[in-house]
Amino acid sequence: MIRVLVADDQALLRGSFRVLVNSAPDCEVVAEDGNGAEAVDLARREKPDVVLMDVRMPEVDGIEATRRICGSPETAGVRVLMLTTFDL
């Protein structure tokens, strides 16, 4: 089973990703959050296989959250897929 963490500040998008991920027979959403700081904490606690990470989020943006997740020995095996609706 592929364990997924969804990190996006828009609740509607988080919910949509949850439905899509959970509809795959070999995937499950194990946690979701609305800011990058929470994403880092949840990645440490839940040890997901993959994080679906929005680029723009409050407190800590997705780029910095990805640096923290991928740069930490305790979450170095977690893969991050960056997603955004931001057009720049």
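Values in this text are rule-based calculations from the coordinates and carry no lab data. Here the structure is a predicted model, which is why all the values come from computation and not from measurement. Because the Cβ atoms are built from the backbone with ideal geometry, glycine has one as well, and the counts that use them run over all protein chains shown.
Residues of segment 18-56 being within 14 Å of THR85 (Cβ to Cβ) and either acidic (Asp, Glu) or surrounded by 20 or more Cβ atoms within 10 Å (Cβ to Cβ) (or both), which ones?
Within segment 18-56, LEU52, MET53, ASP54 qualify.
Does ILE63 satisfy the condition of being surrounded by fewer than 17 Cβ atoms within 10 Å (Cβ to Cβ) and in contact with a Pro (Cβ under 9 Å, 6 or more places away or on another chain)?
No.
Yes or no, residue by residue, for (1) farther than 11 Å from VAL6 by Cα; (2) under 11 Å from the mean Cα position of the chain (by Cα); (3) among the basic types (Lys, Arg):
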{"site": "MET53", "(1), (2), (3)": "no, yes, no"}
{"site": "VAL60", "(1), (2), (3)": "yes, no, no"}
{"site": "ARG67", "(1), (2), (3)": "yes, no, yes"}
{"site": "THR75", "(1), (2), (3)": "yes, no, no"}
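Are any residues in segment 18-43 of a type outside the set (Asp, Glu) and closer than 22 Å to ARG67 by Cα, and if so, which ones?
Scanning segment 18-43 gives VAL29, VAL30, ALA31, GLY34, ASN35, GLY36, ALA37, ALA39, VAL40, LEU42, ALA43.
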